[in-house]
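Read the structure below first, then the notes.
The values are calculated or read from the model by the stated rules, or taken from the named source; none is laboratory data. A quick note: this is a predicted structure, and the numbers were derived from the prediction, not measured. Counting neighbours? That spans all protein chains shown, and the Cβs are built from the backbone with ideal geometry, glycine included. Surface accessibility is based on the protein's heavy atoms, side chains included, excluding ligands, DNA and RNA. Shrake-Rupley method; radii C 1.70, N 1.55, O 1.52, S 1.80 Å.
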Amino acid sequence: MAMSARPLALNKQAAQPRCAAHRSPLRPATAPSRPVARRVIEIDFSDSDTQVAVAGIVLGLVAGIGAPLFYINRTERDEERLNNLRALNRATFEQTGEYMDEGEISKVRKPKWTDRKEWVDED
């Protein structure tokens, strides 16, 4: 029992969808492959507008990344000083029986603006 080539060709055509609505969502339709021309963006760095834009981008990145890192570093160092001050205050209390007064504390650690703020829960 030999099969002819014609019925196979018809079966292949019948298996393929006839319109876009019948395409499988897993296999999107692709365009025939052809060479694609790639375009390169040319930037003229001698133009003053371009220089201002690049300078703004660089300064924005430096400020946006550097400022938080600076404040994090300051907070960590202040926390370390505060822990040292607490240990010194405990040692002073053990030796003299008195805690350090505000003048002595301010010589070791400058008060921050958050130290003066009274934190109140307004619920």
Worksheet item: Given (1) free of Cβ contacts under 8 Å to residues at least 12 places away in the same chain; (2) in a loop (DSSP other than H, G, I, E, B), where does M100 come up short, assuming only one miss?
Response: (1)
Discussion item. So, in segment 80-102, exactly how many residues are within 34 Å of the chain's Cα centre (by Cα) and either loosely packed, with under 10 Cβ neighbours inside 10 Å or farther than 26 Å from W113 by Cβ (or both)?
Written reply: 0
Fill in: Residue check, Q13 at pLDDT below 90 and either open to solvent by 100 Å² or more (accessible area, probe 1.4 Å) or not in a loop (DSSP other than H, G, I, E, B) (or both)
yes
